[in-house]
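J.: Let me give you the structure first, and then I'll get to my questions.
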Amino acid sequence: MAEERRGARGASNGGRPQGRGGKPAARGDGRNADSRGSGGRSSDNRGGGGRSSDGRGSGGRRTDWKRPEDKRDIPRTVDQAVYDGPPLPEDITGAELDRAISAQLKGLPEKLAARVARHLAAAGALLDDEPEVAYQHTLAARARAPRLAVVREATGEAAYAAGHYAEALAELRAAKRMNGATAYLPIMADCHRAMGRPEDALKLAKSPSVVNFAPEAKAEMTLVEAGARRDLGQLDAALRTLELAPLNNKSRQPWVVRLRYAYADALVAAGREEDALAWFHRTHAIDSLELTDAAARAEDLERRTNPT
């Protein structure tokens, strides 16, 4: 069934809940960029004093250490690989970030802030097409700035897009503790669904703050709640949840498209194929971006209900 899919989630529950702006602002301990050593001391023994036979200078320090010929020959540890992150595209400067996000990086040293900004911007650019690479970029940002909510938020959203649901939930919880934001709740709830915990998803769906959500965010939570009801075999409850949503909203916004599609899909599961056909047509009528396969689903239902 379409509603069983995780990750991108398919259109049955409206696609994955969106982060602020539709992309990460940018999933934590890490080293500061300035903490890496030089890899060895110089062996020129400046400042006078000869070397003893055991290689120690007059001050008792060894002066015969040799710097590696090429640091690239030294195998990187897993932590180093995460810290370095994927190669940064040359055309990504960090200036692509929203001003509100850039402002949150200003407390970092200038060079560090610039590197974190580039990783976050790269993650945003790659999230839809290469979510795993985007996630790795956010991990590199987190390794450098684990105490910034915007970085933890970005890491959570990228982890979610890449299908790392436990990591996404942990990072978004951390971000929520830091800034108190509730915008992450739909994604957090869907992470619970993806990990086979629909009851926990329903608990988040009933959070008091959901009442004050903007229409799009409220629709995302409705989709997750209806999906969790279906996970539990509560099809009638899923239908009621969707029927309380603004299905007849005249807007052509994606969240309306996803609500209508989810309702049509639930009607099919309930055996109400004629009603489902009508709602697939209503979905297709406003789906100018072709976010769903409503037209194909309607055609399939028409063949089944009118075989002649």
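J.: What is the number of the single condition among (1) surrounded by fewer than 24 Cβ atoms within 10 Å (Cβ to Cβ); (2) within 30 Å of Q80 (Cα to Cα) that C191 does not meet?
T.: (1)
J.: Just checking, which of R252, R260, R229 is crowded, with 24+ Cβ neighbours inside 10 Å and either within 26 Å of the chain's Cα centre (by Cα) or of a type in the set (A, V, I, L, M, F, W, C) (or both)? Please lay out each step first, then the result.
T.: Working: R252 fails: crowded, with 24+ Cβ neighbours inside 10 Å; R229 fails: crowded, with 24+ Cβ neighbours inside 10 Å.
On inspection, the qualifying residue turns out to be R260.
J.: Considering only segment 217-307, give the helices (runs of 4 or more DSSP H) lying wholly within it that have at least 1 residues that are modelled with pLDDT of 95 or more and touching a His at 6+ places or on another chain (Cβ under 6 Å).
T.: Here the list reads 294-305.
J.: Run A183 past the list (1) modelled with pLDDT of 95 or more; (2) not in a helix (DSSP H, G or I) and report the number of the one that doesn't hold.
T.: For A183, the exception is condition (1).
J.: Only one of (1) surrounded by fewer than 20 Cβ atoms within 10 Å (Cβ to Cβ); (2) closer than 22 Å to L185 by Cα is not met by E290, so which one is it?
T.: Going through (1) surrounded by fewer than 20 Cβ atoms within 10 Å (Cβ to Cβ); (2) closer than 22 Å to L185 by Cα one by one, E290 breaks only (2).
J.: Something else about it: Six or more apart or on different chains, Cβ atoms under 8 Å: show the pairs whose first residue is in segment 233-250 and within 19 Å of E216 (Cα to Cα) and whose second is polar (S, T, N, Q).
T.: T241/T222; L242/T222; L244/T222; A245/T222
J.: Given the criteria part of a helix (DSSP H, G or I), among the β-branched types (V, I, T), surrounded by fewer than 22 Cβ atoms within 10 Å (Cβ to Cβ) and in the same structural domain as L169 (by TED's automatic domain parsing), does V116 qualify? I'd like the intermediate steps shown before the answer.
T.: Values: part of a helix (DSSP H, G or I): yes; among the β-branched types (V, I, T): yes; surrounded by fewer than 22 Cβ atoms within 10 Å (Cβ to Cβ): no; in the same structural domain as L169 (by TED's automatic domain parsing): yes.
In short, no.
J.: How many residues are in a loop (DSSP other than H, G, I, E, B) and touching a Gly at 6+ places or on another chain (Cβ under 9 Å) when one looks only at segment 75-103?
T.: Matching residues across segment 75-103 total 3.
Every residue, every condition in (1) surrounded by fewer than 16 Cβ atoms within 10 Å (Cβ to Cβ); (2) of a type outside the set (G, A, S); (3) more than 21 Å from I101 (Cα to Cα), yes or no:
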site	(1), (2), (3)
T155	no, yes, no
H164	no, yes, yes
A181	yes, no, no
I187	no, yes, no
P198	no, yes, yes
V210	no, yes, yes
A214	yes, no, no
L223	no, yes, yes
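The values are calculated or read from the model by the stated rules, or taken from the named source; none is laboratory data. Bear in mind the structure is a predicted one, so any value in this text is a computation, not a measurement. As a convention, Cβ positions derive from the backbone with ideal geometry for all residues, glycine included, and neighbour counts pool all protein chains shown.
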